[in-house]
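Remarks on the structure that follows.
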Amino acid sequence: MVLINPNTSAATTATMTAIARRSLGPALPVRGVTVARGPRMLTDPESLRAAAPEVLAAGLRAASEGDCAALLVAAFGDPGIPALRAAPTVPVVGIGEAALLEAAADGTRFGIATTTPLLADTIHARVIALGLADRYTGLRLTAGAPERLSADPELLLDRLERAVRACAERDGAEAVVIGGGPLGEAAERLQARCAVRVVAPIPAACRAVTRLLADRSRG
């Protein structure tokens, strides 16, 4: 499987690839790919739009190289996913779609905790497009600029934990999605710190990839 990081931070690619490898185990190797151009963080609709063609180019390149069983797009806004799925390539999974669908399974009421206020409307629109609005309890945002939080893992963890608890205690969420690929390590730590079920997006996407590949092998 090839994990595509839609921002240009190689360090973030390495971190997210490590999470995917832990999730999948040795049965499905994971290779991380960083897009060639674009923003270092996807924090607003403009940066998300700018990432889409770079994700498409990286995905098509990876799929043509012959060692790619599936593509995983590791940004919560799933940039480039429609174009990749329209191309005759391998199965494609986005971490946003996978995490939201997993959180909402069986009618579960779910919320989202994230660090990017400028993407709030985009996230709401994605929930509606997936047909999940009836189970959605809302979005809780961390205090502080996303760039500052990303530079301080402990502060990020604290602020995300507060947002997760607000989703559960104030909004009635039964599951909380952590909205961001670069938030993957914090998402894993929060699963042990919070009473509510925390859905980490990269492992959720890895489970979706596993199901897609199993369906393909049976079909």
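The values are calculated or read from the model by the stated rules, or taken from the named source; none is laboratory data. Remember, predicted model here, so these are calculated numbers, not experimental data. Ideal geometry is used to build each Cβ from the backbone, glycine not excepted, and the neighbour counts take in all protein chains shown. For accessibility, only protein heavy atoms count, side chains too; no ligands or nucleic acids. Shrake-Rupley method; radii C 1.70, N 1.55, O 1.52, S 1.80 Å.
What whole number of Å gives the distance from the Cα centroid of region 1-58 to the Cα centroid of region 184-217? So the separation of the two Cα centres works out to 16 Å. In degrees from 0 to 90, rounded to the nearest 10, what is the angle of the helix 95-104 Cα long axis to the longest principal axis of the chain? That helix lies at roughly 50 degrees to the long axis. Can you tell me the relative contact order of region 141-219? Whole percent, Cα pairs under 8 Å, sequence separation 6 or more. 24 percent. Using R0 = 22 Å, the C-beta based FRET efficiency linking residue 197 and residue 124 works out to 0.55.
Note on the chain: with a GNM built from Cα contacts shorter than 10 Å, the maximum mean-square fluctuation among 148, 40, 109 falls on 148. Expressed as a whole percent, the accessible surface of region 29-76 that belongs to carbon and sulfur atoms is 55, based on a 1.4 Å probe. Per residue, the chain exposes an accessible area of 44 Å² to a 1.4 Å probe, with every protein chain left in place.
The heavy atoms of residue 114 offer some 0 square angstrom of accessible surface to a 1.4 angstrom probe. Summary of packing: across the peptides 19-26, 171-178, the per-residue average of other C-beta atoms within 10 Å ranks them, highest first, as 171-178, 19-26. Give the angle, between 0 and 90 degrees and rounded to the nearest 10, that separates the Cα long axis of helix 153-169 from the longest principal axis of the Cα atoms of the chain. Once rounded, one gets 70 degrees.
Take the Cβ atoms of residue 18 and residue 134, set R0 to 35 Å, and the FRET efficiency comes out at 0.45. Taking the average, over residues, of other Cβ atoms within 10 Å as the packing measure, peptides 185-194, 159-168 rank 159-168, 185-194 from highest down. What percent do you get for the relative contact order of the chain when only Cα pairs under 8 Å and 6+ apart count? The value is 22 percent.
Here the Karplus relation 6.51 cos²θ - 1.76 cosθ + 1.60, evaluated at θ = phi - 60°, turns the backbone of region 56-69 into coupling constants of 4, 4, 5, x, 5, 4, 4, 5, 7, 7, x, 10, 10, 7 Hz, with x for every Gly and Pro. Tell me whether the chain comes out rounded, prolate or oblate; compute the Cα gyration tensor, take square roots of the eigenvalues as a ≥ b ≥ c, and use a/c under 1.5 as the rounded threshold. Prolate shape, in that a/c is at least 1.5 and a/b is the bigger ratio. A cut-off of 5 Å between modelled amide H atoms, ignoring neighbours fewer than 5 places along the same chain, links residue 69 with 2. Between the Cα long axis of helix 10-24 and the first principal axis of the chain there is an angle of about 90°, rounded to the nearest 10. Here the label points at residue 143 and residue 27, each 7 Å from Cα along the C-beta direction, are separated by 4.5 nm in the simple model. Structural descriptor for region 1-129: relative contact order 25 percent, calculated from alpha carbon pairs under 8 angstrom and at least 6 residues apart.
Residues in region 180-194 carry Karplus couplings, in order, of x, x, x, 8, x, 5, 4, 4, 5, 5, 5, 4, 8, 9, 10 Hz; the curve used is 6.51 cos²θ - 1.76 cosθ + 1.60 with θ = phi - 60°, and Gly or Pro positions show x. Per residue of the chain, the DSSP helices (runs of n ≥ 4 H) give a summed -39500 (n - 2.57) that works out to -16000 deg cm²/dmol at 222 nm. Between amide H atoms placed 1.01 Å from N, distances below 5 Å from residue 179 occur with 113, 114, all of them 5 or more places distant or on a separate chain. Taking amide H atoms as placed 1.01 Å from N in the peptide plane, the amide H of residue 197 lies under 5 Å from those of 176, each 5 or more residues away in sequence or on another chain. The overall shape of region 1-107, judged from the alpha-carbon gyration tensor, is rounded, with an a/c ratio under 1.5.
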